[in-house]
Every structure is written in structure tokens, then in C-alpha cells.
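Below is one structure, written out as C-alpha cells, with a few remarks after it.
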Amino acid sequence: MADNASEQTTSAISRHLLAWYDRHARSLPWRAPPGGRADPYHVWLSEVMLQQTTTATVAPYFHDFLQRWPSVHDLAAAPREEVMTAWAGLGYYARARNLHKCARMVSHDLGGRFPEDEAGLRKLPGIGPYTAAAIAAIAFDRPAAPLDGNIERVVARLFAVEDPLPGAKESLRGLMARLVPTERPGDFAQAMMDLGATVCVPKTPKCMLCPLHDACDGRALGGAGELPRKAPKKARPTRRAVAFWTVRADGSVLLRRRPPEGLLGGMLEVPTTAWTEDGWDETAALRHAPVPASWNELPGQVRHGFTHFEFLVTVWAAQVPAETAVAEAVWAGIDRLGDAGLPTAMRKIAEHAIRQGGGG
DNA sequence: TAATCGTGGTC
DNA sequence: TGACCAAGATT
């Protein structure tokens, strides 16, 4: 069988890739140029934001966070709700909660300095196997072997690994570790990610442009684009709810803060019934209204896709007197909801309600 | 090991 | 339009 990647010395592969990186490295806001080393605070912040999130989405949030909180001490001193508001729209909100916890630990217990090795980093909240290895490599130039979606794909193709993910993960990590050079391990990690993002892309990889063309077993065997194989995914169910759009005579809208854990934990929401697969008839739904009022069903529905279910929402609206008080309420000015820090699902509900005449 | 946990872009 | 994918962590 063809075994190009194993025949070539791993040092030859990493040398080729580093030479490619010197010419083709992407310029990104959190990144030092090839041969340089970025601020550990910047590396950590960007790596957490980049978990399952694209560079284009992250960039404006990264700039905003650094402007608000230039150092880890500033972030540690910020109120949690302010951090959650700044994170609104980025998704996976447990990252924001852990980010804040981590900042406080680094600021208060570690003198503002991030641990320089994987084991130390791994103890901090929100830093898992990938992120610990990435920070150790990129911020401290330690010979660590981060394995993200890009590197999984590059390594699976390079060595023609046929075992499906996620089972093959440890095997791929071991193959990646063999490639990590002692010189410039941080640049090597970033080069592998750049290669996956720009050349060794998921569909129709650009093998003709690849610096590892000659070493790649997957290409030699003719099936690089089919790798890595993945276990089939489960179907997503639909969950239905009724949302209550409560407009007070002073021009504010009733919101609530969700419990600190779980879905959208710690974020603001438009009050809803429970989210069920069966849905709600009028009588059952209105029993869950946050205040007694003359409720009015708005036309249309709001649809939002979460990772593991589809969310389908009907909105009911009511106007209530200015003196209306509700326990645990957060009344937000209807003209300033853009600054309120609503997660996207809730922002869609608000936009729909205003568009359908629920603007007060 | 398998579920849970967001969102936006692409083809 | 729907499935896939993106610098994964936590329980």
C-alpha cells in the first residue's frame, strides 16, 4: 500500500509546512507574525472565543473585549452580567461563564500570569485538552499537540486514517504529536490549522496547492476528500413554546434572566412557556402568562435552530400599565433592546414581536 | 461514551 | 432548503 506519510520523516513534513506558513500565514487580530509570540491573555481569549466558532464571527467580539478589558485583571474585575452581555450573540454561553471564572482565578491566584504548561492550563475552567495544548504551543512555544477540527482533518488525510470520529480522536492525537517539531511548535500548530482552513478544506480539498501533497497518503489513495469519516448524526426534534411579549406603558418590555446553568444559562430571555415537543393550545399557554392582561396572538412564528433541536415559537403580546410590577423582572427599553444583550433566539422573538405590531 | 450546549456561513 | 461545518468543554 502507499504509505508516503510514514516513509517521509516527520521532521521533513513539519519543515515543509513551516516553510509554507512563512509565506502563507493568515493575518489574524490575535496572532503574532511567523516567528513571533502573542500575548498569553490574547491567545487565551481568542482560543476560547474560537471554540466551534469561525474567525470572522470572533474578530469583532475579540476587539470589543480587549477594548473593554485590556488585561486579565480588568476582565476579572468586571461584573459577570456585563461579561454575559458582551458575549451575547456568540453562543455557547458556558464559555462566557467559564471565561470570567478563569480570569478571576488567573488574576487572584496566579498573579495575572497564565500557566505555561498543559497540565497547569488544564486545571482552569473552560480550558480543555485542545485549548490547553493550543495556549501552551502558541503563547509559550511548548511542543504541544493541539487537535481541533482542522488538524483532525489534515492528520486523517495525511495518514489515511479510515477509523471514524470521534473514536479515532486519540489515534489522530498521537499522529499529530509525532509531527510536532522542537523548533517553532507554536507556528507549527497554527500552520496545521491554517492548512486545514484554507487548503485541506472539508469538501473538495485543494491538493494541488498543498505543501504536503507528496507526503499525503489520503491523496495518494485518491480519497482525501472523503476523510475523516464520521459517525452519523441523530435527527433534531422540534420544541415548541409560546413567548409573552409584555409592553409597559412607559415603553419598556418584560425580560427575565435565565438560571445560571443549562441552555442560555445566565442570559436574558423573553418569558415563555416550557419548551415542549407537543406544543400549546391557547388555554394551556395563557395559564403561563407572566401577568394577567388582554393577550393577543401575533401572526406568524419564529424559528431558530439550536445544536440539538429546532425551536418554534408563537408570540402573544399585551400592553400593561406603567406601574406593573413583576417578580424577578428586567424591564428593558423597547428602543434599546439592541444593547440589552439578548441571545440570538430571543433577539429574533423581539424583532418578530415589534414587526407584528407589538411595539407598544 | 453520549448528551448538552449557539450561531452564522456555505454549498 | 437542509446538512454540514467552525481554533470544543463539561458532565
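The values are calculated or read from the model by the stated rules, or taken from the named source; none is laboratory data. Here the structure is a predicted model, which is why all the values come from computation and not from measurement. Using ideal geometry, Cβ is built from the backbone for each residue, glycine included, and neighbour counts are taken over all protein chains shown.
Looking only at region A:106-116, decide whether some residue is within 13 Å of DNA strand C (Cβ to nearest atom), buried (at least 21 other Cβ atoms within 10 Å of the Cβ) and either in contact (Cβ under 8 Å) with a residue 12 or more places away in the chain or farther than 12 Å from A:Leu45 by Cβ (or both). Quick ask: steps written out before the conclusion?
Narrowing region A:106-116 to residues within 13 Å of DNA strand C (Cβ to nearest atom): none.
The answer is no; no qualifying residue exists.
Return the pair list, or none, for Cβ contacts closer than 8 Å from residues in region A:51-75 that are among the small types (Gly, Ala, Ser) to residues that are assigned to a helix (DSSP H, G or I), at least 6 apart or on different chains.
A:Ser71/A:Tyr41
Any residue at all in region A:337-356 that is more than 16 Å from DNA strand C (Cβ to nearest atom), in contact with a Pro (Cβ under 7 Å, 6 or more places away or on another chain) and either outside any helix (DSSP H, G or I) or within 26 Å of A:Gly89 (Cα to Cα) (or both)?
Yes, some residue in region A:337-356 is more than 16 Å from DNA strand C (Cβ to nearest atom), in contact with a Pro (Cβ under 7 Å, 6 or more places away or on another chain) and either outside any helix (DSSP H, G or I) or within 26 Å of A:Gly89 (Cα to Cα) (or both).
I need the helices (runs of 4 or more DSSP H) fully contained in region A:100-172, keeping only those with at least 3 residues that are more than 16 Å from DNA strand B (Cβ to nearest atom) and in contact with a helix residue (DSSP H, G or I) (Cβ under 7 Å, 6 or more places away or on another chain). First the steps, then the outcome.
Working: elements: A:118-122, A:129-140, A:149-158.
Hits in region A:100-172: A:129-140, A:149-158.
Would you confirm whether any residue within region A:4-18 is charged (D, E, K, R), modelled with pLDDT under 95 and loosely packed, with under 15 Cβ neighbours inside 10 Å? Even if it seems obvious, please write down each step before you answer.
First, pick out the residues of region A:4-18 that are charged (D, E, K, R): A:7, A:15.
Still in the running and modelled with pLDDT under 95: A:7.
Narrowing further to those that are loosely packed, with under 15 Cβ neighbours inside 10 Å: A:7.
Among the residues of region A:4-18, at least one is charged (D, E, K, R), modelled with pLDDT under 95 and loosely packed, with under 15 Cβ neighbours inside 10 Å, which makes the answer yes.
Tell me whether region A:168-178 contains one or more residues that are hydroxyl-bearing (Ser, Thr, Tyr) and in contact (Cβ under 8 Å) with a residue 24 or more places away in the chain.
At the first step, the residues of region A:168-178 found to be hydroxyl-bearing (Ser, Thr, Tyr) are A:171.
Restricting the remaining residues to those that are in contact (Cβ under 8 Å) with a residue 24 or more places away in the chain gives none.
No; the residues of region A:168-178 include none that is hydroxyl-bearing (Ser, Thr, Tyr) and in contact (Cβ under 8 Å) with a residue 24 or more places away in the chain.
Check whether at least one residue in region A:272-286 is of a type outside the set (Gly, Ala, Ser) and within 16 Å of DNA strand C (Cβ to nearest atom), and report yes or no.
Narrowing region A:272-286 to residues of a type outside the set (Gly, Ala, Ser): A:272-273, A:275-278, A:280-283, A:286.
When the remaining residues are screened for being within 16 Å of DNA strand C (Cβ to nearest atom), the result is none.
Looking through region A:272-286, none of the residues is of a type outside the set (Gly, Ala, Ser) and within 16 Å of DNA strand C (Cβ to nearest atom).
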